[in-house]
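For reference, the structure is listed below as structure tokens.
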């Protein structure tokens, strides 16, 4: 059982695959190099379910203030993200004050990005039924109730039952890749 699965652990769950016409293995290699060279990487994404200032930053800051790490748990999926692989030139923590993306970092085809480190493959089953949405209008709903249809990411906390192995009938997802969020946790991007 993964050491990530402990009660109250902050999890940012995300489905990942082809992005901006680049396969996942190439993205992992590029992000690993960015972490090595810059000390962190920016993992691009879109959609408002994990908006930088209203969702990810408050969630991450709460866990960081308690001395806890925030883990990005990624489930590999088949995708066909055809957005142009345009490199972001600037990032912003608040959406108002912009600064250049460090030259070692190449984040493409995204509106937002997570700041990550310690990216590595790790296989385990995440019991989404034993998680709760931690921020936003759906606070308290189980991860399994929330991650449906086009919703493919969420700020979650593991319940007290999370360390128990999933029952055979219980909804769970296979995690393939993990990273740790680092300050500033989530940013806005622009070309």
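Below, the figures for the structure above:
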read-out: Filter result for the condition that a residue is over 19 Å from residue 183 (Cβ atoms) and touching a residue at least 24 places away in the same chain (Cβ under 8 Å), over 84, 25, 37; value: 84
read-out: Region 173-191 residues that are over 19 Å from residue 109 (Cβ atoms), paired with ones that are outside any strand (DSSP E or B) and at pLDDT 95 or above (beta carbon under 6 Å, 6 or more apart); value: 181/60; 182/40; 184/93; 185/56; 185/57; 185/60
read-out: Qualifying residue in region 50-59 (condition: closer than 25 Å to residue 147 by Cα and in contact with a helix residue (DSSP H, G or I) (Cβ under 7 Å, 6 or more places away or on another chain)); value: yes
read-out: Where residue 18 falls short, out of the listed (1) crowded, with 16+ Cβ neighbours inside 10 Å; (2) more than 15 Å from residue 113 (Cα to Cα); (3) in contact with a strand residue (DSSP E or B) (Cβ under 7 Å, 6 or more places away or on another chain); (4) modelled with pLDDT under 95; value: (3)
read-out: Strands (runs of 3 or more DSSP E) within region 92-162 that include 2 or more residues out of contact with any helix residue (DSSP H, G or I) (no Cβ under 6 Å at 6 or more places or on another chain) and modelled with pLDDT of 95 or more; value: 98-100, 112-126, 153-158
read-out: Verdict on residue 59 being within 18 Å of residue 126 (Cβ to Cβ), assigned to a helix (DSSP H, G or I) and at pLDDT 90 or above; value: yes
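The values are calculated or read from the model by the stated rules, or taken from the named source; none is laboratory data. Bear in mind that the values here come from a model prediction, so they are computed numbers and not experimental data. So basically every Cβ, Gly included, is an ideal-geometry build from the backbone, and we count neighbours across all protein chains shown.
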